[in-house]
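Report on one structure; see the data block that follows.
Nothing in this text is a laboratory measurement; each read-out follows from the coordinates by a stated rule. Being a predicted model, the structure only gives us computed values, none of them experimental. Glycine also receives a Cβ, built like all others from the backbone with ideal geometry; neighbour counts cover every protein chain displayed.
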Amino acid sequence: MFKSFFMAGFECSTHRLITGERLDLVAATQHDKHVQTDYLRMQTLGVMTVREGVRWHLVESTRGHYDFSSVLPMIRSARQLGVQVIWDLFHYGYPDHVDPFSPAFISSYQRYVRAFARLLRSESDEIPVVCPINEISFFSWAGGDSQHLNPYTVGRGFELKRQLVRAAIEGIETLWDVNADTRIVQCDPVIHIVPHPDRPHEQADALGYREAQFQAWDMLSGRLCPELGGRPAYLDIIGVNYYPHNQWVYNGEYLKPHDPRYRPLHELLCEVHKRYERPLFIAETSAEDGERVPWLSYVCREVRMARKLGVPLHGICWYPILNHPGWVDGRHCHNGMWDYSDSYGRRPLVTALAHEWIRQQMTFHQVTPLELTT
């Protein structure tokens, strides 16, 4: 399904902060300036599949006019080096002339998707792999209820989720209309929430919050809100996003893996597979600073366990692969395999993480290409 089991994700968030500032993590990490060099360094660690973002706000800065100069270097470098790309078409950010709650949003998104699909068809013979809208459930909560992301509204999360699902469905049909072989990836976090033992009245709320993680996938597959037009084919490949903060006490603290209330990751993966019976991969996972190596070890161990239990898991993507500035405060986030670039495109490697990466590849019987010569 993928060219490499171990994958790299390039952080590509482009949303506006509540202050009005536009983020562009592709530019902030200078990946746009050094894309070919970045791909080459991925290959030294056996990575042939990457996640990239198409920055919609740059592509369609003027309504109805599409300029793909910001994405062409990625397409052409990938083609030249044989790298497989999973394309995110909507990673939180959208042009200023787009209102995600407007009826016109669906058609605006569809036209943008068609323009990109045609470009990709003209530039590459590879089978496209596309994530239409990243993290629909999380995005809806963060942008529609909690004011963590644009459009910074409250009490409109379910409305936003319906809009995003409708857009994703139209986008998928458009992608298939241009190239029927296109593979579709649907990414969202898996979470686990438990009620506080001293607040038993919150048990139903905690369970409902936890169950909401499945709403977008349920809508896309037609299980929930069938009037949106969902059907099982839209859940082609499920991307599971999982970080150290994905389990917590309702209205309380995060849970750690040693906590008896913590559910092992392999159980969550088994739950997703049992519910949808679709191929999966870990689409995002990482930790910060000194937690990176033990976290990679933990995730790989849990993935091996899930695979032994029959879950069709096809890969693990370290996301982000490059350290980056924090969304809100610009702090230097040390969660990647490589650090900030110098003016020549050189990036310091986190050697401890790289060694663990190679060790884990061997446990999955994956061979790093350069291991035979270095």
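Is the shape of the stretch 194-244 rounded, prolate or oblate, going by the alpha carbon gyration tensor and its root eigenvalues a ≥ b ≥ c, with a/c under 1.5 for rounded and a/b larger than b/c for prolate? All intermediate terms of the calculation are to be shown ahead of the outcome.
Details: a/c = 5.84, a/b = 1.90, b/c = 3.07.
Here the stretch 194-244 falls in the oblate category.
Is the C-alpha gyration tensor of the stretch 231-374 telling us rounded, prolate or oblate? Criteria: a/c under 1.5 is rounded; beyond that, a/b larger than b/c is prolate, otherwise oblate. Write out the running numbers ahead of the final one.
Values: a/c = 1.70, a/b = 1.26, b/c = 1.34.
Verdict is oblate for the stretch 231-374.
Take peptides 343-351, 102-110 and line them up by average Cβ neighbours within 10 Å, highest first, as a rough protection proxy.
Working: 343-351: 13.7, 102-110: 15.8.
Those peptides, ordered most packed to least, come out 102-110, 343-351.
Once you sort the root eigenvalues of the Cα gyration tensor of the chain as a ≥ b ≥ c, which label holds: rounded (a/c under 1.5), prolate (a/b larger than b/c) or oblate (the other case)? Don't jump to the answer; show the numbers that get you there.
On the way: a/c = 1.36, a/b = 1.03, b/c = 1.32.
In terms of gyration-tensor shape, rounded.
Which helices, taking whole DSSP H runs in the chain, have alpha carbons extending 27 angstrom or more along the helix axis plus mean Kyte-Doolittle at least 0.0?
Helices passing the filter in the chain: 157-178.
For the charge dipole of the chain, defined by +1 on Lys and Arg C-beta atoms and -1 on Asp and Glu C-beta atoms about the Cα centroid, which residue among MET219, VAL54, ILE75 has the Cα displaced farthest towards the positive pole?
Toward the positive end, the furthest listed residue is ILE75.
Amide H neighbours of ARG51 under 5 Å, at least 5 residues apart or on other chains, H built in the peptide plane: list them.
Those qualifying (amide H under 5 Å, at least 5 residues apart or on another chain) are ALA8, GLY9, PHE10, ILE86.
First select every other residue whose beta carbon is under 12 angstrom from the beta carbon of GLY315; then total the charges, Lys and Arg +1, Asp and Glu -1. Mind showing how you got there, number by number?
Values: positive: LYS3, ARG51, ARG307; negative: GLU284.
Net local charge, GLY315 excluded: +2.
Using the structure shown, list the pairs from LYS161/LYS308; LYS3/LYS274; LYS161/LYS274; LYS256/LYS308 with a Cα-Cα distance above 28 Å, or answer none.
Working: LYS161/LYS308 34 Å; LYS3/LYS274 26 Å; LYS161/LYS274 23 Å; LYS256/LYS308 24 Å.
In this structure, LYS161/LYS308 lie more than 28 Å apart at Cα.
Taking the Cβ of PRO244 as the center, what net charge do the other residues with Cβ under 9 Å away carry, scoring Lys and Arg +1 and Asp and Glu -1? Each step should come with its number before you reach the end.
Details: positive: LYS256; negative: GLU288, GLU291.
Computed value for this residue: -1.
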